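S.K.: The structure is given below, and queries will be raised subsequently.
The values are calculated or read from the model by the stated rules, or taken from the named source; none is laboratory data. Since the structure is predicted, the reported quantities are computational estimates derived from the model, not experimental observations. Neighbour counts are summed over all protein chains in view; Cβ atoms, including those assigned to glycine, are modelled from backbone coordinates with ideal geometry.
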Amino acid sequence: MKAARLHGYDQQLRIDQVAMPEVRGHHDVIVRIGGAGLCRTDLHIVEGIWQEKSGVRLPYTLGHENAGWVEAVGDAVTGVRVGDPVIVHPLVTCGLCAACRSGEDMYCENGRFPGINADGGFAEYLLTGERALVKLTEGVEPADVAPYADAGITAYRAARKAARLLAPGRWAVVIGIGGLGHIALQCLHHLSSANLIAIDPSPTAQELARELGADHVVDGSDPVTAVRDLTGGGAHVVLDFVGERGVQQQAVAMLRQGGTHVVVGYGDTLQVPTIDLIFSEIAIVGSLVGNYTELSELMTLHAEGKVQLRTRRYRLDDVNQAIEDLRQGRIKGRAVLVP
């Protein structure tokens, strides 16, 4: 089968012919890929940032946002059948460890993460497990929803955390209306009744934020002053989907006393004097990829038309063009590779 593989860090991906995955475990499932989302994490993988954490040996196949159709199943699989359209939770989990039993699949002690520490979905077929699959509602195309498998549930999980803190009349800020931020903005709109401020220097992203229901849209010229003026002293919650280039420091400065900074984007260092933490009594919260239940909930919102995913499709052969377009900020929403 065809696969886009990384042979060396800071190099373009190569289109290789590799062996198809095989069903070996009782609960294994092979998915024929209908769409694979391209994520900024993929850029960091190419740059080598993940090499120590992932432990993979090159070459390997990227792609951790996947959807498609069930191609083959292990002999104990009962939840899906060949031909079913599915979206794939990014982790293959054991179901037995304490994390899995508590519902936090992404903490699985025995988990495998295709596209991060195993071959992923920038290919024609993907090996995963039955526990990872959510069947798609009739009429939903895999290529239209693939980025929900990671970007979507990462944004949704952060929005859920924020919504618990956002009573009516409170203020929430979403920084970065890109592939994740545009999803989080919509999720917050349906999970809370807070006033929503969107921040992004891109006119295209600002236009998208308005389309998706932001109450206020702020550019990147002086976002801290703008937020503090709009909110009368600072936001109750700030969700940062950038996490670098100084934005992470601006996010903390936007908070009012007792506010919460939800960190989703990464790539830089956040520095906060301890006296500021104490005096302002702010909280800094990290947010990882969502769990299986959160993926199911997000797919319900999508099926009901409450959350829209903006995508741009590329052929798998054009993966390096898609990567360059993502680097240069030329993609509105998410890029999806279609074999």
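S.K.: Being touching a Phe, Trp or Tyr at 6+ places or on another chain (Cβ under 8 Å) and surrounded by fewer than 20 Cβ atoms within 10 Å (Cβ to Cβ) is the filter here, so list the residues in the range 258-271 that pass it.
M.R.: Looking only at the range 258-271, we keep the residues that are touching a Phe, Trp or Tyr at 6+ places or on another chain (Cβ under 8 Å), and these are 264-265.
Hits for the range 258-271: nothing passes.
S.K.: Still on this structure, please answer the following. When you scan the range 1-23, how many residues do you find that are under 24 Å from the mean Cα position of the chain (by Cα) and polar (S, T, N, Q)?
M.R.: 2
S.K.: Could I ask something else about it? Scan the range 310-336 for residues that are farther than 13 Å from Cys39 by Cα and in contact with a Phe, Trp or Tyr (Cβ under 7 Å, 6 or more places away or on another chain) and jot them down.
M.R.: Leu316, Gln321
S.K.: Count, please, the residues in the range 274-313 that happen to be within 20 Å of His64 (Cβ to Cβ), free of Cβ contacts under 8 Å to residues at least 40 places away in the same chain and crowded, with 16+ Cβ neighbours inside 10 Å.
M.R.: Of the residues in that region, 0 qualify.
S.K.: Can I ask one more? For residues that are free of Cβ contacts under 8 Å to residues at least 40 places away in the same chain and either hydrophobic (A, V, I, L, M, F, W, C) or touching a strand residue (DSSP E or B) at 6+ places or on another chain (Cβ under 6 Å) (or both), scanning just the range 213-230, find the one that is nearest to Ala194 (Cα to Cα). Break it down into steps so the answer makes sense when it comes.
M.R.: Looking only at the range 213-230, we keep the residues that are free of Cβ contacts under 8 Å to residues at least 40 places away in the same chain, and these are 213, 215-222, 224-226, 228-229.
Next cut, either hydrophobic (A, V, I, L, M, F, W, C) or touching a strand residue (DSSP E or B) at 6+ places or on another chain (Cβ under 6 Å) (or both) only: 215-218, 224, 226.
Details: Asp215: 9, His216: 12, Val217: 15, Val218: 17, Val224: 19, Ala226: 17 Å.
Among those that are free of Cβ contacts under 8 Å to residues at least 40 places away in the same chain and either hydrophobic (A, V, I, L, M, F, W, C) or touching a strand residue (DSSP E or B) at 6+ places or on another chain (Cβ under 6 Å) (or both), it is Asp215.
S.K.: So which residues in the range 214-234 are closer than 28 Å to Cys39 by Cα and of a type in the set (Gly, Ala, Ser), if there are any at all?
M.R.: Once the filter is applied, which keeps residues that are closer than 28 Å to Cys39 by Cα and of a type in the set (Gly, Ala, Ser), the range 214-234 yields Ala214, Gly220, Ser221.
S.K.: Still on this structure, please answer the following. Is there any pair linking a residue in the range 7-28 that is more than 25 Å from Val73 (Cβ to Cβ) to one that is small (Gly, Ala, Ser) and surrounded by 14 or more Cβ atoms within 10 Å (Cβ to Cβ), with Cβ under 7 Å and at least six apart or on different chains, and which?
M.R.: Leu13/Ala4; Ile15/Ala4; Asp16/Ala3
S.K.: Related question: Just one of Leu191, Leu126, Leu185, Leu165 is touching a strand residue (DSSP E or B) at 6+ places or on another chain (Cβ under 8 Å), surrounded by fewer than 24 Cβ atoms within 10 Å (Cβ to Cβ) and not aromatic (Phe, Trp, Tyr); which is it?
M.R.: Leu165
S.K.: Follow-up question, since we're still on this one. Can you name the residue in the range 321-339 that is under 26 Å from Met20 (Cβ atoms) and in a strand (DSSP E or B) and is also modelled with the lowest pLDDT among such residues?
M.R.: Ala335
S.K.: Considering only the range 182-288, give the strands (runs of 3 or more DSSP E) lying wholly within it that have at least 1 residues that are closer than 28 Å to Asp150 by Cβ, at pLDDT 95 or above and charged (D, E, K, R).
M.R.: Numbers: elements: 195-199, 216-218, 235-240, 255-263, 283-286.
Where strands (runs of 3 or more DSSP E) fall fully within the range 182-288 and carry at least 1 residues being closer than 28 Å to Asp150 by Cβ, at pLDDT 95 or above and charged (D, E, K, R), they are 235-240.
S.K.: With respect to the numbered conditions (1) in contact with a helix residue (DSSP H, G or I) (Cβ under 6 Å, 6 or more places away or on another chain); (2) of a type outside the set (Gly, Ala, Ser); (3) under 15 Å from Val289 (Cβ atoms), which one is the sole condition not fulfilled by Gln12?
M.R.: (3)
S.K.: Could you name every one of the strands (runs of 3 or more DSSP E) located completely within the range 1-65 that has at least 2 residues being among the aliphatic types (A, V, I, L, M) and modelled with pLDDT of 95 or more? Break it down into steps so the answer makes sense when it comes.
M.R.: Working: elements: 2-6, 14-17, 28-38.
In the range 1-65, the matching strands (runs of 3 or more DSSP E) lie at 2-6, 28-38.
S.K.: Also, I was wondering about something else. Return the residues of the range 1-52 that are among the basic types (Lys, Arg) and either under 30 Å from Val80 (Cα atoms) or surrounded by 21 or more Cβ atoms within 10 Å (Cβ to Cβ) (or both); say none if nothing qualifies.
M.R.: Here is the first cut: in the range 1-52, the residues among the basic types (Lys, Arg) are 2, 5, 14, 24, 32, 40.
Listed by number, the residues that qualify are Lys2, Arg5, Arg24, Arg32.
S.K.: If a residue must be under 19 Å from Arg40 (Cα atoms) and of a type in the set (Ser, Thr, Tyr), how many such residues does the range 253-291 contain?
M.R.: Number satisfying all stated conditions: 3.
S.K.: Given the criterion out of contact with any Cys (no Cβ under 6 Å at 6 or more places or on another chain), at positive phi and either surrounded by fewer than 18 Cβ atoms within 10 Å (Cβ to Cβ) or part of a helix (DSSP H, G or I) (or both), identify the matching residue among Gly79, Gly103. Don't jump to the end; show me each part of the working.
M.R.: Values: Gly79 fails: at positive phi.
Step by step, each of Gly79, Gly103 is checked, and only Gly103 is out of contact with any Cys (no Cβ under 6 Å at 6 or more places or on another chain), at positive phi and either surrounded by fewer than 18 Cβ atoms within 10 Å (Cβ to Cβ) or part of a helix (DSSP H, G or I) (or both).
S.K.: Which one of Ala143, Ala151 is small (Gly, Ala, Ser) and either in contact with a helix residue (DSSP H, G or I) (Cβ under 8 Å, 6 or more places away or on another chain) or free of Cβ contacts under 8 Å to residues at least 60 places away in the same chain (or both)?
M.R.: Details: Ala143 fails: either in contact with a helix residue (DSSP H, G or I) (Cβ under 8 Å, 6 or more places away or on another chain) or free of Cβ contacts under 8 Å to residues at least 60 places away in the same chain (or both).
Matching residue, one of Ala143, Ala151: Ala151.
S.K.: Residue check: is Ala143 farther than 16 Å from Gly63 by Cβ and not charged (D, E, K, R)?
M.R.: Working: farther than 16 Å from Gly63 by Cβ: no; not charged (D, E, K, R): yes.
No, not satisfied.
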